[in-house]
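Written below as structure tokens is the structure these notes are about.
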There are 2 protein chains.
Amino acid sequence: MPVDRKPDDRPVRTITDLAKLAGVSPGTVSRALAGNSLVNDKTREKIEAIAREHGFRPNQMASRLRRQRTGVIGVIIPLGHEQKQQVSDTFFLTLLGHLADELTEKGYDLMLRRVVPASDEDWLDPFIGSGMIDGVIVVGQSDQFNHLEEVADGYRPMVVWGQHREGQRHCVVGSDNLLGGKLAMQRLVAAGAKRMAFVGDTNAPEFAARYSGANQVAQSFGLTLSELPAHLATSGMTTEVATLMEKAVGNYDGLFAATDLLALACLGELRKLGRNVPEDMKIVGFDDLPIAQQTAPPLTTIRQDIAGGARAIVQLLLRRIAGEETESIVMPPTLVVRGTA
Amino acid sequence: MPVDRKPDDRPVRTITDLAKLAGVSPGTVSRALAGNSLVNDKTREKIEAIAREHGFRPNQMASRLRRQRTGVIGVIIPLGHEQKQQVSDTFFLTLLGHLADELTEKGYDLMLRRVVPASDEDWLDPFIGSGMIDGVIVVGQSDQFNHLEEVADGYRPMVVWGQHREGQRHCVVGSDNLLGGKLAMQRLVAAGAKRMAFVGDTNAPEFAARYSGANQVAQSFGLTLSELPAHLATSGMTTEVATLMEKAVGNYDGLFAATDLLALACLGELRKLGRNVPEDMKIVGFDDLPIAQQTAPPLTTIRQDIAGGARAIVQLLLRRIAGEETESIVMPPTLVVRGTA
DNA sequence: ATGAAAGCGCTAACAC
DNA sequence: GTGTTAGCGCTTTCAT
């Protein structure tokens, strides 16, 4: 039963073709191309020459099937709490870029998948069980914390970017969002704000922790922190924030935005409303994206070390693939004081 | 020669295991799970039940090897002209996000690779010839136009995002950069600018076309357009632009930035130098990234339809995979007038 | 140092 | 409708 395939006129498609041309066995070609075995130098050179001449590349599918390792790391972005959000949130994409860089450097390829997990659905297992990837990086916990816990019990080579909870079972790398929230609130208070609001969606664990940290500090000063629930969907965000800002003006004098993007939107809308930042309203963001330096006034924010996070994720994952156990890593964020608070 | 592997206690790992449990042959299981063949309903249900119970997923590596199709599209980002640039340029990443969305929707997975092609190096062939992907999307031509032409002669399922040149052989989707440049310059002139400069690196074909279009219009008005070569590497960009802006002040009153990111940097640096936009300096950007709305003043820019581009790329690629010939697509950009010019 | 051969797990003729 | 079987292209013992 010949596999039906387009006739390929390339004379040397398989290692066997090449072997015939070189007058050796397929095994020898495999060894020569792999480089590691002890093949006669002349034989190797000859094989390499032919391979180069014909632009031959060993079929990775076959190689990987045989070796039971794929050289591919899956990166999956669950978008549960933000149905509308595309894979286009700047922060995720920046992290993704760094992950690509790190993985490439380590010789792995990166397979990207975006999912909108329905509450009862298996979105992770098909990816993990597909035999296509050696390990998986989950970017953001979304509202899938419990599901991640379950999966982690049966599947070791997984590292998640997100929020760490005491005693959790899945390996996570992320910022200390509680601390970040505290730093943000301390700054707002130091800048003289009295009536504060958190702008963001506290359904995501990361954001909930940011709120919580900020709230703790607020209470310690005898102040309160309101919630202005705003979502990140790129399309609706601006109008949503516009509405929030109309209400916020006069009621608050300090905003802690869950992300820089949100902070930026607040800044823009407040300007439209004729309010001055930081005079009428102090603002602190979160992430320290490159644009935070370029706004007017430049954004006071909490910096997450995205590149460092990517490095840590990949490092932990490779250790897990090698069979090691690993701890989670919580990275301390830092306050960057600029012009908005 | 048993492949050495960790002992897997999962009772049903292969289609054959499952077949034994179900009391049928592997072939039947394969058919049942594939869904398409005519399998007895009872048999199918039984097989599906067992599969679900044991969390069984057919090994994709084997399936793909056998079927000679991978269900994976490669996305590769060549970074030739920007050695330092990571995969973190906002525009590329936004496009990448949309590509991920489109491909996911069509049932394809996305394999991401970042390369820094040395001038003489084969960076595309290894990816194409790896047998891991059914087709490839190249995001940006970088300085590899000629190489892409060569590859296109021998490999059909490839679509490139970038600049279209008359008579080129590789299939490309991209904006009409020449037109974009013209629109930008027309706006600068209409806004009253007299001494203009283009901020960007004209080694990339896209940028060269933007410059060229702008230059044509400038000349038609008897004006000249200088070049301020600035690179996109996220790290060095700000300082580089800072130097350029110091020189620019007083010499120019209108800037056409190759990208919004560059325009943003110009805006920021000019503010630091105490100059007002648009009074002292008109600025037009390119891309219309979401942040362009949020700057102060909001950025006048040339909009590229990134989502539409992604859709077109995927559509063309799938047609090429199916064996069709396809034309290139050039999309008209539009001028978005905001506050900077 | 090289050849021979047995699969990796799955699919699709082909036969019944 | 289901079983049988011959590979997809590669790697790796085992034998020489």
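The values are calculated or read from the model by the stated rules, or taken from the named source; none is laboratory data. Source: prediction; values computed, not measured. Using ideal geometry, Cβ is built from the backbone for each residue, glycine included, and neighbour counts are taken over all protein chains shown.
Could you please let me know if residue B:33 is within 30 Å of residue A:101 (Cα to Cα), within 14 Å of chain A (Cβ to nearest Cβ), near DNA strand C (Cβ under 8 Å from one of its atoms) and not in a loop (DSSP other than H, G, I, E, B)? The answer is no for residue B:33.
Scanning region B:53-65 for residues that are more than 7 Å from every other protein chain (Cβ to nearest Cβ), assigned to a helix (DSSP H, G or I) and modelled with pLDDT of 90 or more gives a single hit, B:63.
Looking at region B:316-330, is at least one residue assigned to a loop (DSSP other than H, G, I, E, B), over 19 Å from residue B:178 (Cα atoms) and among the hydrophobic types (A, V, I, L, M, F, W, C)? Within region B:316-330, one or more residues are assigned to a loop (DSSP other than H, G, I, E, B), over 19 Å from residue B:178 (Cα atoms) and among the hydrophobic types (A, V, I, L, M, F, W, C). Within region A:272-281, does at least one residue satisfy the condition of being at pLDDT below 90 and in contact with a His (Cβ under 7 Å, 6 or more places away or on another chain)? Looking through region A:272-281, none of the residues is at pLDDT below 90 and in contact with a His (Cβ under 7 Å, 6 or more places away or on another chain). Applying the criterion of being within 14 Å of another protein chain (Cβ to nearest Cβ) and of a type in the set (A, V, I, L, M, F, W, C) to the residues of region B:266-288, the residue that is farthest from residue B:140 (Cα to Cα) is B:273. Residue A:257 meets all of the listed conditions (1) surrounded by 24 or more Cβ atoms within 10 Å (Cβ to Cβ); (2) aliphatic (A, V, I, L, M); (3) not assigned by TED's automatic domain parsing to the domain that holds residue A:218 but one, namely (3). Condition check: within 14 Å of another protein chain (Cβ to nearest Cβ) and in contact (Cβ under 8 Å) with a residue 24 or more places away in the chain. Does residue A:322 satisfy that? No; evaluated as a whole, the condition is false for this residue. Residues in region B:193-247 that are in contact with a strand residue (DSSP E or B) (Cβ under 8 Å, 6 or more places away or on another chain), polar (S, T, N, Q) and assigned to a loop (DSSP other than H, G, I, E, B): 2 in all. From the list A:312, A:263, A:341, the lone residue that is in contact with a helix residue (DSSP H, G or I) (Cβ under 6 Å, 6 or more places away or on another chain) and either within 14 Å of chain B (Cβ to nearest Cβ) or of a type in the set (A, V, I, L, M) (or both) is A:341. Filtered by the rule that a residue be within 8 Å of DNA strand D (Cβ to nearest atom) and surrounded by 19 or more Cβ atoms within 10 Å (Cβ to Cβ), region A:34-63 gives A:56, A:60, A:61, A:63. Among the conditions (1) more than 42 Å from the chain's Cα centre (by Cα); (2) near DNA strand D (Cβ under 9 Å from one of its atoms), residue A:22 misses just one, which is (2). Scanning region A:126-152 for residues that are in contact (Cβ under 8 Å) with a residue 60 or more places away in the chain and part of a loop (DSSP other than H, G, I, E, B) yields A:131, A:132, A:133, A:134, A:140, A:141, A:142, A:143, A:144. Scanning region B:231-254 for residues that are within 11 Å of chain A (Cβ to nearest Cβ) and either surrounded by 24 or more Cβ atoms within 10 Å (Cβ to Cβ) or of a type in the set (S, T, N, Q) (or both) yields a count of 4.
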